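I have placed the structure first, in the form of structure tokens, so that the comments after it can refer back to it.
The values are calculated or read from the model by the stated rules, or taken from the named source; none is laboratory data. Keep in mind that what you see is a predicted model, and the values were worked out from it rather than measured. As a convention, Cβ positions derive from the backbone with ideal geometry for all residues, glycine included, and neighbour counts pool all protein chains shown. The accessibility values were calculated without ligands, DNA or RNA, using every heavy atom of the protein model including side chains. Shrake-Rupley method; radii C 1.70, N 1.55, O 1.52, S 1.80 Å.
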Amino acid sequence: MHMATTSAPQPIVHLSHVDKDYKLGAVTVSALKQVSLEIAPGEFTVIAGPSGSGKTTLLNLIGCVDVATRGEVVVAGQDTGKLSEGDLTRLRLNALGFIFQSFNLVGVLDAFQNVEFPLLLQKKLNGAQRKERVMDLLHKVGIADYAHHRPGELSGGQRQRVAIARALVTYPRIVLADEPTANLDSVTGTQILDLMQELNREGTTFLFSTHDPHVVSRAGRVVRLVDGRIVTEPDEQSQSSHA
Amino acid sequence: MILIHIALRNLLTHKIKSAIVGGLLVFAALLIILGLSLISSIDTSMSKSIVNSVAGHIQLQEKGAKDELSIFGQMGSNEIGYIHNFAEIRKAIEALPEVAAVVPMGIDSSIVFGGNVLDVKLEALRNAVKAGDAKQVDIVRRHVRRMVALLDEELKNLKGFSDQEKMSDDMKQGVIDVTAANQPVFWDSFDQDPFAHLEFLENKIAKMAIGEDMLMLRYVGTDTERFRKVFDRFEMVDGTPIPPGQRGFLINKFTYEEQVKHKTARRLDKIKDRLAEGAKIATDDEIKQWIKLNRTQYKEITFQLDDAATADVKAALQDELQTKEADMAKLVDAFMDVNDGNFQKRYDLFYKVVAPRIRLYGIRVGDIMTINGFSQSGYATTVNVKMYGTFRFHGLDRSTMAGAFNVLDLMTYRDLLGYMTADKKAEIAKLQAQSGIKELKRDTAEAELFGDGAGEQVEDASDATPAQAAAVTPTDAPAAASPTAVATATPGGSAKLFAKELESHVYSQDELDGGVVRSAAIMLKPDVDLKVGMAKVNALIDEKKFALKALDWRAASGLVGNFVGVIYAVLAFSIFVIFLVSLVIINNSLVMSTLERTREIGTMRAIGAQRWEILLMFMVEAFVMAIVFGAIGCALGYSIVAYFGHFGLLANNDFMIFLSGGPRFYPALPGWGLPVAMIAVLIVTLISTLYPAWLAMRITPLAAMQDSE
Ligand SMILES: Nc1ncnc2c1ncn2[C@@H]1O[C@H](COP(=O)(O)OP(=O)(O)OP(=O)(O)O)[C@@H](O)[C@H]1O
Ligand SMILES: [Mg+2]
């Protein structure tokens, strides 16, 4: 599966022959079967597929929050199968950004603090630098006015914007999003998608799942999953329509 | 930083959880603060009570003695040993810079007889006879005759109950004598030979009436002058201190009121006190019981009234009761049947009319008391000693425990103890020889007693009982002690002189310190730490090879001293329980909140928080909780302690008074109380956070992904 399509020399994500089994008592569920995939910098990739097809499972493996049963998962140049729990956590902190379906903001912190949180974990920037970076991101996602509102005081769309800012604040190599628009109405979902696309144009690599055909139509590249297998090669046409 | 911020925010957000956990922590801190201040205050005030009344800081007793010294402990267990070389010990220990004084001691209990009413009346009769006042003789004689009749009646009743066989020969003879004295022929012949009759009554009859005035007194035999000076709680109430070096007895005002006072009067006092506390006769069963006793024990009053007094009292009671009733028994009964309406009036009337005509206190200042000891060698010993006055331990006037201690001079104490090593015996004999006191031999005693004309009486009345009685007067008075002759004084007898001399003899400090003592109290100088003092004393004991054991006041005061230990245990236990409960509840509520926060924690993990950072977050949260609520609890506890420390807490029973060393209890928190409480709360919180924190640590980032299923 190959190649010529992506010209970038160093893929951010590289999966080869990945299986993921879930054991439910005596029964073993094969959530992913022989999945091989590469994500190059700058891509805006959608994982599409019916419910239960393995989209979330795939994102979890790439997001280093779960490990493959078989096969190799390389993220940002690191073979995740060989990393310790602490290293995986550091990899998530420094190389990955997460956007969740239910936003998952820390309820007791305001928008600013939520966005600042990963920077605090990184301990790389001082207060002033952090403030600048956070405000920059809040501006980008158009929510600077709400910096000191707590999630409870924000709408779903606003919360997801805060979540996007939080995912981007560390300048991750790739942002992973599992159905980021599923909990939003279609108008807001479209706005969020617009925002993500805009950020993608500014250089951020996105990989997200959806089963909304409308969202799929806007993807730079579509990875189609059925029953844990990738069934459709990246669509040359849709990719060219953007990049 | 952010973790503290999150922790604080969490506390504010999860209000119910915070309220429960916070409440518990506040309560735990409060409990520790209150408990600690209670204990340490009781410890200090009780130490004041005990140390400054009888115990001193340290007590010395013989090393290897069978029983450990127990100042407030049970009687009976009394094999606490003897200290023979007190003078040497005192000198050595008082030389220590930490020690203020060493006071010799011996604590014991004895049966004490005050002069009974019959004795007093007989003395009055003798005086009247001597003065040749026929009218007075007649008045007093009739009263005495009535008393003898009552005594006879009482003994007859007693005979009905008790087994004749078991009566001692003395007792049997006594009953016969009383019956003889109750015959008209005895009284008809009184004028013919008043002194012989008097002696018969004094020697044979009075002792049969003695039960009335029998007291069980606990006393500390000591160098009374040193005792008075060293124990600053000691203060005289009535009378005078025992003159330095002299024999004498001081009765504790508490004991004096409780035991020595006329029983009817005492009961009226107690009713008055109880009413002053707000009780009502109509509803108070104990008061009713006292009233009942006053009504049935009318004899306590009528027995003491002679004809003139009877007439006065009768008139007053008839007037008060508006009755023509002539029977005194019925009058007193009716008078004592008080109620809430008439109590105060009758109380006043009693003290105005009745009290001056009866013996209000069985023993009065200046009286000679007869103490019946049971010596260590097993002999009954009897000594007579003058009662100089009453005293109290300041602040402890109402405490049964401190109030039970009376004070006896050391020489008399030693007589009672009857303990003599061979050396000591010789020494005492020598001392007595030096001070001109000869042992009173029975035969010479008799001769001396009946010296002037008494012999005649003996011969004259040789067919009558009185003479026989008189011939065997000082029966069981031991040689070392003064003869009973003091109580039943013979005019002009040398025995009286002997007793007088003994009474006023001034013993030197060497004599006081030279004899045997049972224990010694060491009073440390102010601000000397007890542990330091103890160590110094022990070092000295080792160095000088004294056969002594040193006990701190706590140990020496027996159970009472351990009381603080008991409270400590109770407090420790309740704190333990409260902590256990807090542990479980805090743990539970934190587990709940951890589960609630699973997604949040999973998200943090997914975003890149390490496990230890999650753990840290929980610990910070626990820490903040402990600090905030612990501080609130401490502040609350501190305010409560400060409040009562300022205004005091009323000590409403004897034991409380003893514990607080005064009528009010002033709790104070020791300096280390607050840090201890804070640390304890912190530890509990951190421990109860361990499990939930461990759970939180195990939450995987996957928890963030699983969607609102
Ligand atoms: N923790 C798990 N334990 C057991 N089986 C699991 C677990 N997670 C997923 N599966 C199974 O793996 C398969 C893939 O699930 P996954 O959640 O990846 O699908 P999905 O494409 O994300 O579906 P949806 O569109 O409904 O979110 C399903 O059959 C599911 O039942
Ligand atoms: Mg899914």
Exercise. If you stretched the chain out fully between B:Leu650 and B:Leu616, how much longer would it get, using 0.36 nm times the residue separation minus the C-alpha to C-alpha distance?
Worked result: 7.4 nm
Exercise. Hey, with R₀ at 30 Å, roughly what FRET efficiency would B:Tyr568 and B:Met592 work out to, going by the Cβ-Cβ distance, to 0.05?
Worked result: 0.25
Problem set entry | Sulfur and carbon atoms: percent of accessible area, segment B:276-347 [1.4 Å] | 49 percent
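Length gain on complete extension for the stretch B:Ile585 to B:Ala131, per 0.36 nm per residue less the alpha carbon to alpha carbon distance? Kindly include the intermediate steps, with their values, before the conclusion.
Numbers: separation 454, 0.36 × 454 = 163.44 nm, distance 8.96 nm.
Answer, rounded to one decimal: 154.5 nm.
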Problem set entry | Cα gyration tensor category, rounded, prolate or oblate, for segment B:1-101 with a/c compared to 1.5 | prolate
Exercise. Of the heavy-atom accessible surface of segment B:88-140 (probe 1.4 angstrom), what whole percent is carbon and sulfur?
Worked result: 53 percent
Seminar exercise, completed: Excluding residues fewer than 8 positions from B:Lys17 in its own chain, the aspartates and glutamates with Cα under 19 Å of it are B:Glu596, B:Glu600, B:Glu621
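Largest first, how would B:Met208, B:Met401, B:Met387, B:Met216 line up by accessible area (1.4 Å probe)?
The ranking, largest first, comes out as B:Met216, B:Met401, B:Met208, B:Met387.
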Seminar exercise, completed: Charge tally for neighbours of A:Arg130 with beta carbon under 11 Å away, counting Lys, Arg as +1 and Asp, Glu as -1, is +1
Problem set entry | Alpha-carbon centroid distance for the pair segment B:595-621 / segment B:131-158, whole angstrom | 99 Å
Seminar exercise, completed: With B:Gly373 itself left out, Lys, Arg at +1 and Asp, Glu at -1 over residues whose Cβ is under 10 Å from its Cβ give -2
For this session: Can you pull the one-decimal nm distance between simple spin-label points at B:Asp327 and B:Ser639, each 7 Å off the Cα toward Cβ?
Result: 6.8 nm
Exercise. In whole Å, what is the distance between the alpha-carbon centres of segment B:176-250 and segment B:520-539?
Worked result: 41 Å
For this session: Find how many whole Å separate the alpha carbon centroid of segment B:253-281 from the alpha carbon centroid of segment B:1-58.
Result: 41 Å
Seminar exercise, completed: The long-range amide H neighbours of A:Phe100, using H built 1.01 Å from N in the peptide plane and a cut-off of under 5 Å, are none
For this session: Could I get the Rg over Rh figure for segment B:508-559? Both from C-alpha atoms, Rh via Kirkwood, rounded to two places.
Result: 1.01
For this session: Between B:Ile683 and A:Arg70, with labels modelled 7 Å along Cα→Cβ, what's the label distance in nm to one decimal, could you check?
Result: 5.6 nm
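Provide the percentage of antiparallel DSSP beta bridges, counting only those with both residues in chain A; round to the nearest 5. Intermediate results must be reported in sequence, preceding the final value.
Values: 19 of 37 bridges.
Here the share of antiparallel DSSP bridges comes out near 50 percent.
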Exercise. Protein chains only, probe 1.4 Å: how do A:Arg159, B:Arg605 rank by accessible area, largest first?
Worked result: A:Arg159, B:Arg605
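What FRET efficiency comes out for A:Arg201 versus A:Arg229 if R0 is 25 angstrom and r is the Cβ-Cβ distance? Round to the nearest 0.05. Please list the in-between numbers first.
Numbers: r = 31 Å, r/R0 = 1.26.
Efficiency, rounded to the nearest 0.05: 0.20.
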For this session: With θ set to phi - 60°, apply the Karplus curve 6.51 cos²θ - 1.76 cosθ + 1.60 along segment B:611-618 and write out the HN-Hα couplings as whole Hz, x wherever there is a Gly or Pro.
Result: 4, 5, 5, 5, 4, 4, 4, 5
For this session: Using a Förster distance of 51 angstrom, determine the FRET efficiency expected from the C-beta separation of A:Ala26 and A:Val187, and round it to 0.05.
Result: 0.65
Exercise. Any idea of A:Arg133's accessible area? Nearest 10 Å², probe 1.4 Å.
Worked result: 50 Å²
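When a/c reaches 1.5 or more, the comparison of a/b and b/c decides; with that in mind, is segment A:29-90 rounded, prolate or oblate per its Cα gyration tensor?
Values: a/c = 1.88, a/b = 1.28, b/c = 1.47.
In terms of gyration-tensor shape, oblate.
According to the Kirkwood expression over distinct Cα-Cα pairs, how big is the hydrodynamic radius of segment B:168-289, in Å? If you can, show how the numbers build up before the last one.
Details: mean 1/r = 0.0519 Å⁻¹.
For segment B:168-289, the Kirkwood estimate is 19.3 Å.
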Problem set entry | Flagged links, alpha-carbon separation over 18 Å, of B:Lys66/B:Lys544; B:Lys48/B:Lys229; B:Lys270/B:Lys299 | B:Lys66/B:Lys544; B:Lys270/B:Lys299
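Can you give me the % of accessible surface on chain A that is carbon or sulfur? Probe 1.4 Å, all protein chains present, nothing else counted. Before the final figure, lay out the partial values.
Values: 5300 of 10570 Å².
Percent of accessible area from carbon and sulfur atoms in chain A: 50.
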For this session: Quick one: net charge around B:Gly662, please, counting Lys, Arg +1 and Asp, Glu -1 for every other residue with C-beta under 11 Å from its C-beta.
Result: +3
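Given chain A, report the % of alpha carbon pairs whose separation exceeds 23 Å.
49 percent
I'd like the mean, over residues of A:100-112, of how many other protein chain beta carbons sit within 10 Å of each residue's own Cβ. Working shown, then result.
Numbers: counts 8, 4, 7, 1, 11, 2, 10, 6, 12, 5, 1, 0, 0.
That average works out to 5.
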For this session: Please give the calculated 222 nm ellipticity per residue for chain A, where each DSSP H segment of at least 4 residues contributes -39500 (n - 2.57) and the sum is spread over every residue; nearest 500 deg cm²/dmol?
Result: -10500 deg cm²/dmol
Exercise. Can you tell me the accessible area per residue over chain A, all protein chains present, probe 1.4 angstrom, in square angstrom?
Worked result: 44 Å²
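Enter the accessible area per residue of segment B:609-703 (Å², integer; probe 1.4 Å; all protein chains in place).
Values: 4420 Å² over 95 residues.
Using a 1.4 Å probe on heavy atoms only, each residue of segment B:609-703 averages 47 Å².
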Seminar exercise, completed: Rounded to the nearest 100 Å², the accessible area buried between B and A, both sides, probe 1.4 Å, is 2400 Å²
